[in-house]
Amino acid sequence: MRAGGYTDDTDGFVSRGRVVDRALGVLFSNPATVLGVPVVLGALPGLIFKLIAEGIGYTAGFAWRISPGGPFTSATAIAIIVIVVLISIALWMTAQGALVRATVAYSDEGRLVSFGEAARAGLRASVPLFAMWVLFSISVLFGLALFLAVPGIILCAMWAVTQPELVEEQ
């Protein structure tokens, strides 16, 4: 079975050099999308969240300094944290799907995708990617905790192919 064009034509095994060549090929051929996705969906929202948090007085020790009768209560702090975490996870899953789409389009189809096309593919796959991430985490946790390290590592290797497949099947 061929692994998405990552095998040598002579022996059919996966070539590390070819994997690295294709990864760098994607990066250098389409830097706006490949570098823009993590910046727009990761770094920029993180910076915005940080600036908003500082603007409303939320700091690292915020939860310990909540005063009774003040503008923030424990429930407010927890609600803010939950909302920011959920938005961050959604953006992270969208970014993962977008990067997978850009990589697969270049590696298998030989074409470049726009930022919008990659982001739409990532957005379509974000909920299934989250579900896959939860299942992956649980299975690897059990593999590592219950059966020592080897089954956990094997499960990691088995789950490694699910993300590109999931994005491409969407």
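The values are calculated or read from the model by the stated rules, or taken from the named source; none is laboratory data. Just so it is clear, the structure is predicted and the values come from calculations on it, not from any experiment. We place every Cβ from the backbone using ideal geometry, glycine too, and count neighbours over all the protein chains shown. These area figures cover heavy atoms from the full protein model, side chains too; ligands, DNA and RNA do not enter into them. Shrake-Rupley method; radii C 1.70, N 1.55, O 1.52, S 1.80 Å.
Look at (1) at pLDDT 90 or above; (2) surrounded by 15 or more Cβ atoms within 10 Å (Cβ to Cβ) and you find that residue 131 fails only one, number (2). Somewhere in region 58-68, is a residue within 19 Å of the chain's Cα centre (by Cα), modelled with pLDDT of 60 or more and among the polar types (S, T, N, Q)? Within region 58-68 (the criterion being within 19 Å of the chain's Cα centre (by Cα), modelled with pLDDT of 60 or more and among the polar types (S, T, N, Q)), the answer is no, since none of the residues qualifies. Among the β-branched types (Val, Ile, Thr), in contact with a helix residue (DSSP H, G or I) (Cβ under 7 Å, 6 or more places away or on another chain) and modelled with pLDDT of 70 or more: is that true of residue 34 in this structure? So residue 34 passes the test.
Per-residue answers, yes or no, for (1) free of Cβ contacts under 8 Å to residues at least 12 places away in the same chain; (2) surrounded by fewer than 16 Cβ atoms within 10 Å (Cβ to Cβ); (3) among the β-branched types (Val, Ile, Thr):
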site: 97; (1), (2), (3): no, no, no
site: 111; (1), (2), (3): yes, yes, no
site: 116; (1), (2), (3): yes, yes, no
site: 121; (1), (2), (3): no, no, no
site: 146; (1), (2), (3): yes, yes, no
site: 150; (1), (2), (3): yes, yes, yes
site: 160; (1), (2), (3): yes, yes, no
site: 166; (1), (2), (3): no, no, no
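Every listed requirement among (1) closer than 17 Å to residue 35 by Cα; (2) assigned to a helix (DSSP H, G or I) is met by residue 127 save one, (1).
Checked against (1) within 29 Å of residue 48 (Cβ to Cβ); (2) open to solvent by 60 Å² or more (accessible area, probe 1.4 Å); (3) among the β-branched types (Val, Ile, Thr); (4) modelled with pLDDT under 85, residue 87 passes all but a single condition, namely (4).
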